[in-house]
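Student: Quick one: structure below, then a few questions.
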Amino acid sequence: MIQDQITSARQHQLVAILHEKQAKERLLAVDKQRKLIFKQAILAAEKQKSQIVNTAHYEADLVRKKAETMIADERRQMAEQIRATIVSTAFAASQAVVPYQIDEKQHKMLVEKFIDNL
């Protein structure tokens, strides 16, 4: 009877060792799966980060180009306004100084020619 109990205990011990070995193998498999999932998550996050950064750079370039265009347009408008102011001021000043009369069209043409040659 004791011998049967010893034999039974050894069998249970062998079964327990087998179960322990299977559990360790499962843990290793789960750990490998966890590492793979983690690696895939990191790769996906890096890809998403790259896409976000690229989109931000693209949008920043669009804003910069739009600002440059607006600045160039304003610069042209200001130059035209300054030119028009110079022409009208020169016209008004020359009317006061020039003793003879020329028509406005000829006078503006002369002033614009003078300004173009500056």
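The values are calculated or read from the model by the stated rules, or taken from the named source; none is laboratory data. Nothing here was measured: the structure is a model prediction, and the numbers come from that model. Methodologically, a virtual Cβ is constructed for each residue, glycine included, from the backbone with ideal geometry; neighbour enumeration extends over all protein chains shown.
Student: Working only within segment 62-97, note down all residues that are of a type in the set (Asp, Glu) and under 22 Å from PHE114 (Cβ atoms).
Tutor: The answer is GLU80, and nothing else.
Student: Going by what's in this entry, would ARG10 be described as surrounded by 10 or more Cβ atoms within 10 Å (Cβ to Cβ) and either within 24 Å of ASN117 (Cβ to Cβ) or modelled with pLDDT of 95 or more (or both)?
Tutor: no
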